[in-house]
Amino acid sequence: MVEAVAVASGKGGTGKTTATLALGMALAERYDVTVVDADTGMANLLFHAGLADAPVTLHDLLLDDADVAVDDAVYHRFGMDVVPCGTSLDAFREADPTRLRDVVAELARDTDVLLLDSPAALGSVSAVLPVVLADRVVVVLQPTVPALSDGLKVQEYARSYGTDGAGVLFNKVHDGDSVERIADRTERYFDGPVLASVPDADAAREARDAGEPLLAYAPASAAAEAFREAAAGIEIRDEPAEDVAARFRSAVVPEQP
Amino acid sequence: MRLPRGDLVRSRTATAPGDALAWALDADHTGYLVLEPADAVLGDGDDACVLTIADGVPRLAYHTGTERGGAPALADVAGAGPYSVDCYAVDRSALADVTDTDELTVSPGAPAERLAADSALAERTRVAAPDEWTAEPASPADPVEAFLADEERLDAIRDRAREEARRKAREWDLTDALVDGDEN
């Protein structure tokens, strides 16, 4: 079985990468999880996962003349398989985002859950492709008007491409925020439940600086607990891996200009 | 809302109008801002929010597309950035002729809160506002709750996003991946 879930936000700074790795670690207690940094233009998952020096990354797999195997870019860390992306702008320019489809198809053959850390934008093919390819999307929101507004946009893009909602995750929530009061209305407009409300935490920033996912760095923190609660709310659907891999391979992806 | 013709003194494109609001406040600007989502600038839509400013403090808001005033006019452009933000100067006495009505009035900090999510700027604006402007009941109490309660506004954002997704899909040659193809 395998399901591809895009973790998206539509707005930078919502803590999407922290959330992706936290959900990945929590889901890894029940499933085989592979986390992919699909934010190929603004990659930062490598820093969160202690993979800043990874010799092979997703960028290498997206090159037209790629001479590395997908497995070469997969690192087993913190109980998950992690596929980081490089930060070189040149590599990003040379990378063919549409090859992500084949990479995802190959990864899908050997995992239960594929988490795609998606770009915080919708302005290009490479930015929108993770949402197009995924089965479902988790939208990471801060309880602010701009974040909700941009999150709604992501949600509508996902719907347009037939990608279901797995729920929304309020992140970086401050004491005075009114998440409890707005949860019902949020669920009215977003697909899936409000999975959790994750408090803003210094631990998240410290974890990033330490090159560790939050759940490894501060497993007992309130934020880590909230992420585990969110992961518990995501039931992974059972679909044969081969069917999913075949679907990714046949996914419509345009030729690059 | 009928406004006297103003002189264009500042024109910028920005993801949020925070800079323009801060500039107006710091410059004690009197006149109006025309805030137009970039999508509307490119298209032929009539989709701008006009915000009058007196001595740096926002007073009246009107949306030229929905013809709504006050907080709903702000909601009609909230989150629709990037914006083209044009600042016009108007003689103080001319602006005084524009009628303040409850339907058009916004609380002084509301534009900074709702359009730029900048509570510090909102607070600075409230401090600079005449007492009688801030004495009005703050509406809405919580901008996020008010946003989620504005069904018309949320539906408009979703409609716009849906149209944009389809338009971009055509641009990117992704129409076959759309759930219902491309009927347009």
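The values are calculated or read from the model by the stated rules, or taken from the named source; none is laboratory data. Predicted model, so just to flag it, every value in this text is computed and none were measured. Here the Cβ is made from the backbone with ideal geometry for all residues, glycine too, and neighbour counts use every protein chain on show.
Find the residue count for the range B:161-177, including only residues that are within 8 Å of another protein chain (Cβ to nearest Cβ) and modelled with pLDDT of 90 or more. Before the answer, list the steps.
Taking the range B:161-177 as the starting set, the residues that turn out to be within 8 Å of another protein chain (Cβ to nearest Cβ) are B:161-162, B:164-166, B:168-169, B:172-174, B:176-177.
Still in the list and also modelled with pLDDT of 90 or more: B:161-162, B:164-166, B:168-169.
Summing the residues that are within 8 Å of another protein chain (Cβ to nearest Cβ) and modelled with pLDDT of 90 or more in the range B:161-177 gives 7.
Take the conditions in contact with a Lys or Arg (Cβ under 8 Å, 6 or more places away or on another chain) and either free of Cβ contacts under 8 Å to residues at least 24 places away in the same chain or over 15 Å from residue B:106 (Cα atoms) (or both) and apply them to residue B:39. Does it pass?
On the way: in contact with a Lys or Arg (Cβ under 8 Å, 6 or more places away or on another chain): yes; either free of Cβ contacts under 8 Å to residues at least 24 places away in the same chain or over 15 Å from residue B:106 (Cα atoms) (or both): yes.
Considered against the rule, which asks whether it is in contact with a Lys or Arg (Cβ under 8 Å, 6 or more places away or on another chain) and either free of Cβ contacts under 8 Å to residues at least 24 places away in the same chain or over 15 Å from residue B:106 (Cα atoms) (or both), residue B:39 comes out as yes.
So which residues in the range B:135-151 are surrounded by 12 or more Cβ atoms within 10 Å (Cβ to Cβ) and either in a helix (DSSP H, G or I) or modelled with pLDDT of 90 or more (or both), if there are any at all?
Going through the range B:135-151, the residues surrounded by 12 or more Cβ atoms within 10 Å (Cβ to Cβ) turn out to be B:136, B:138-140, B:142-150.
Listed by number, the residues that qualify are B:143, B:144, B:145, B:146, B:147, B:148, B:149.
Mind telling me which of the residues B:121, B:104, B:154 ends up being crowded, with 18+ Cβ neighbours inside 10 Å and closer than 22 Å to residue A:188 by Cβ?
Working: B:121 fails: closer than 22 Å to residue A:188 by Cβ; B:104 fails: closer than 22 Å to residue A:188 by Cβ.
So the residue among B:121, B:104, B:154 that is crowded, with 18+ Cβ neighbours inside 10 Å and closer than 22 Å to residue A:188 by Cβ is B:154.
Does residue B:126 fit the bill of being surrounded by 12 or more Cβ atoms within 10 Å (Cβ to Cβ), more than 7 Å from every other protein chain (Cβ to nearest Cβ) and at pLDDT 90 or above? Please lay out each step first, then the result.
Working: surrounded by 12 or more Cβ atoms within 10 Å (Cβ to Cβ): yes; more than 7 Å from every other protein chain (Cβ to nearest Cβ): yes; at pLDDT 90 or above: yes.
Considered against the rule, which asks whether it is surrounded by 12 or more Cβ atoms within 10 Å (Cβ to Cβ), more than 7 Å from every other protein chain (Cβ to nearest Cβ) and at pLDDT 90 or above, residue B:126 comes out as yes.
Looking only at the range B:112-122, count how many residues are closer than 19 Å to residue B:30 by Cβ and within 11 Å of the chain's Cα centre (by Cα).
If we filter the range B:112-122 for residues that are closer than 19 Å to residue B:30 by Cβ, which is where we start, we get B:112, B:121.
Still in the running and within 11 Å of the chain's Cα centre (by Cα): B:112.
Number of matching residues: 1.
Of the numbered conditions (1) surrounded by fewer than 24 Cβ atoms within 10 Å (Cβ to Cβ); (2) in contact (Cβ under 8 Å) with a residue 60 or more places away in the chain; (3) within 19 Å of residue A:228 (Cβ to Cβ), residue A:41 fails exactly one; give the number of that condition.
It is condition (3) that residue A:41 fails.
Taking the range A:11-55 as the search range and keeping residues that are assigned to a loop (DSSP other than H, G, I, E, B) and acidic (Asp, Glu), which one is nearest to residue A:134 (Cα to Cα)?
Narrowing the range A:11-55 to residues assigned to a loop (DSSP other than H, G, I, E, B): A:11-15, A:28-32, A:38-44, A:49-55.
Now restrict to residues that are acidic (Asp, Glu): A:29, A:32, A:39, A:53.
Working: A:29: 22, A:32: 17, A:39: 14, A:53: 28 Å.
Ranking the candidates gives A:39 first.
Here is a list: B:108, B:37, B:58, B:82. Which entry is closer than 25 Å to residue B:142 by Cβ and either out of contact with any helix residue (DSSP H, G or I) (no Cβ under 9 Å at 6 or more places or on another chain) or within 14 Å of another protein chain (Cβ to nearest Cβ) (or both)?
Details: B:108 fails: either out of contact with any helix residue (DSSP H, G or I) (no Cβ under 9 Å at 6 or more places or on another chain) or within 14 Å of another protein chain (Cβ to nearest Cβ) (or both); B:58 fails: either out of contact with any helix residue (DSSP H, G or I) (no Cβ under 9 Å at 6 or more places or on another chain) or within 14 Å of another protein chain (Cβ to nearest Cβ) (or both); B:82 fails: closer than 25 Å to residue B:142 by Cβ.
The unique qualifying residue is B:37.
Mind checking which pairs have a first residue in the range A:128-155 that is at the interface with chain B (Cβ under 9 Å from one of its Cβ atoms) and a second that is in a helix (DSSP H, G or I) and hydroxyl-bearing (Ser, Thr, Tyr), Cβ under 8 Å, 6 or more apart or different chains?
A:128/A:157; A:129/A:98; A:148/A:186; A:152/A:189; A:155/A:189
Out of the residues in the range A:95-109 meeting the condition of being among the charged types (D, E, K, R) and closer than 11 Å to residue A:70 by Cα, tell me which one is modelled with the highest pLDDT.
So the first thing to find is which residues in the range A:95-109 are among the charged types (D, E, K, R), and the list is A:96, A:99, A:101-102, A:106, A:109.
This time we only want the ones that are closer than 11 Å to residue A:70 by Cα, so: A:102, A:106.
Working: A:102: 89, A:106: 92.
Only one residue tops the list, namely A:106.
Starting from the range A:169-181, take each residue that is more than 10 Å from chain B (Cβ to nearest Cβ) and without any contact (Cβ under 8 Å) to a residue 60 or more places away in the chain and list its partners that are assigned to a loop (DSSP other than H, G, I, E, B) and surrounded by fewer than 19 Cβ atoms within 10 Å (Cβ to Cβ), counting only C-beta distances under 6 angstrom and pairs at least six apart or across chains.
Between residues of the range A:169-181 that are more than 10 Å from chain B (Cβ to nearest Cβ) and without any contact (Cβ under 8 Å) to a residue 60 or more places away in the chain and residues that are assigned to a loop (DSSP other than H, G, I, E, B) and surrounded by fewer than 19 Cβ atoms within 10 Å (Cβ to Cβ), the close pairs are A:174/A:200.
I need a count of the residues in the range B:78-97 that are aliphatic (A, V, I, L, M), surrounded by 19 or more Cβ atoms within 10 Å (Cβ to Cβ) and modelled with pLDDT under 90. Steps first, please.
If we filter the range B:78-97 for residues that are aliphatic (A, V, I, L, M), which is where we start, we get B:78, B:80, B:85, B:89-90, B:94-96.
This time we only want the ones that are surrounded by 19 or more Cβ atoms within 10 Å (Cβ to Cβ), so: B:78, B:80, B:85, B:90, B:95.
Subset that is modelled with pLDDT under 90: B:78, B:80, B:95.
Result for the range B:78-97: 3.
Name the strands (runs of 3 or more DSSP E) wholly within the range A:108-177 that hold at least 3 residues that are surrounded by fewer than 24 Cβ atoms within 10 Å (Cβ to Cβ)? Before you say what the answer is, go through the steps one by one.
Values: elements: A:113-117, A:136-141, A:164-173.
Counting at least 3 such residues, we get A:164-173.
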